[in-house]
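As structure tokens, the structure follows; a few thoughts come after it.
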Amino acid sequence: MVYRILFSNMGYAKGINGSLFQHAAYFTRHLYTPHTVQKRALGQLGEIIEAENPDLCCLVEIDGGSVHAGYFDQMGTLNKNYEFHDISDKYGPQNVLGRLPFHKGKSNAFMAKQSVEFEKRYLSRGSKKLLYSLILPGDIILFFAHFSLNRKVRLAQFHELKKHLTGHSKVIVLGDFNIMYGFSELEPLLLDTDLQLLNRDDEPTFRLHKRNHVLDLCLCSKSLAGNLSLKVIPQPFSDHAALLVDVDI
């Protein structure tokens, strides 16, 4: 049995692909993104989902209806065939950011074909705190998150993530790790854990003008590594590529 997972940083469906031209031409979309633009971006992601047919979609930077998006329901528009889903404020229930006008609605989410047991955990450091954990077939636990842009904060988040991994023998971790300084940033996370990185350093997942980085990562328990394959899929509506992970269960 192959269980297929898609991880996507949607960039809030602003339709900006990371080029200098688009950042300059469409800078107003950071303040307000027209519904037509969002619908086009969601349609492009929908085409990827239809082509790859994942069992589970893990989504970060999805807008749950913020003022920036004109209160547009991106999940309701995107989700056509996934009965089980959840979307949640990425800042955490006790964080005042999630209640401010320009942050309210900024979310992470997942969509699954079959019912999955899941939990919303929250990191103690950083503004983006939400850490989803889902139990997949084969008793595999999947974590996914969007880590901090601040190097010191995300280092603290990596140390905290290690505590959440304790006691689990079969683990997959997906996320936008924001490791702008390269794979060496992962050393504290990989040290004294059973995790292995599946990404290659010559296959970037993020574009900013002429700069390319590997930010969207898949890590897994070493015992699972031989059962996983990773594919990077360009997303024309975002400065991030998607990750497609096949798990041979």
Review point. Any residue at all in the stretch 152-172 that is in a strand (DSSP E or B) and either out of contact with any Leu (no Cβ under 8 Å at 6 or more places or on another chain) or under 14 Å from Val60 (Cα atoms) (or both)?
Key: no
**Study point:** Selection status of Leu186, in contact with a strand residue (DSSP E or B) (Cβ under 9 Å, 6 or more places away or on another chain), surrounded by fewer than 20 Cβ atoms within 10 Å (Cβ to Cβ), assigned to a helix (DSSP H, G or I) and at pLDDT 95 or above
**Key:** yes
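Given the criteria buried (at least 16 other Cβ atoms within 10 Å of the Cβ) and either within 20 Å of Leu174 (Cβ to Cβ) or touching a residue at least 12 places away in the same chain (Cβ under 8 Å) (or both), does Ser148 qualify?
Working: buried (at least 16 other Cβ atoms within 10 Å of the Cβ): yes; either within 20 Å of Leu174 (Cβ to Cβ) or touching a residue at least 12 places away in the same chain (Cβ under 8 Å) (or both): yes.
When the stated conditions are applied, Ser148 passes them.
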Review point. Hey, among the residues in the stretch 200-218 that are in contact with a Phe, Trp or Tyr (Cβ under 9 Å, 6 or more places away or on another chain) and buried (at least 20 other Cβ atoms within 10 Å of the Cβ), which one's farthest from Ser19 (Cα to Cα)?
Key: Cys218
Check your understanding: Scanning the stretch 97-113 for residues that are modelled with pLDDT under 95 and of a type outside the set (Lys, Arg), which turns out surrounded by the most Cβ atoms within 10 Å (Cβ to Cβ)?
Key -> Gly105
Exercise for review: Taking only the stretch 129-145 into account, find how many residues are more than 18 Å from the chain's Cα centre (by Cα) and either without any contact (Cβ under 8 Å) to a residue 60 or more places away in the chain or part of a helix (DSSP H, G or I) (or both).
Suggested key: 1
Point to revise | Number of the condition not met by His240 [criteria: (1) surrounded by fewer than 18 Cβ atoms within 10 Å (Cβ to Cβ); (2) in contact with a Ser or Thr (Cβ under 9 Å, 6 or more places away or on another chain); (3) at pLDDT 95 or above] | key: (1)
**Study point:** Matching residues, the stretch 69-112, being of a type in the set (A, V, I, L, M, F, W, C) and over 16 Å from the mean Cα position of the chain (by Cα)
**Key:** Ala69, Phe72, Phe84, Val96, Leu97, Leu100, Phe102
Check your understanding: Right, Val232: assigned to a strand (DSSP E or B), among the hydrophobic types (A, V, I, L, M, F, W, C) and closer than 21 Å to Tyr12 by Cβ or not?
Key -> yes
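Mind checking whether some residue in the stretch 52-66 is over 21 Å from Lys90 (Cα atoms), in contact with a Lys or Arg (Cβ under 9 Å, 6 or more places away or on another chain) and not charged (D, E, K, R)? Steps first, answer last, please.
Kept after step one, since they are over 21 Å from Lys90 (Cα atoms), are these residues of the stretch 52-66: 52-55.
If we keep only those that are in contact with a Lys or Arg (Cβ under 9 Å, 6 or more places away or on another chain) too, we end up with 52-55.
From the residues that got through so far, the ones that are not charged (D, E, K, R) too are 53-54.
Within the stretch 52-66 (the criterion being over 21 Å from Lys90 (Cα atoms), in contact with a Lys or Arg (Cβ under 9 Å, 6 or more places away or on another chain) and not charged (D, E, K, R)), the answer is yes, since at least one residue qualifies.
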Exercise for review: Return only the number of the condition from (1) over 18 Å from the mean Cα position of the chain (by Cα); (2) modelled with pLDDT of 95 or more; (3) not aliphatic (A, V, I, L, M) that Asp192 does not satisfy.
Suggested key: (2)
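The values are calculated or read from the model by the stated rules, or taken from the named source; none is laboratory data. The model shown is predicted, which means the values in this text are computed figures rather than measured ones. Quick reminder, even Gly has a Cβ in these numbers, built from the backbone with ideal geometry, and neighbours come from all protein chains shown.
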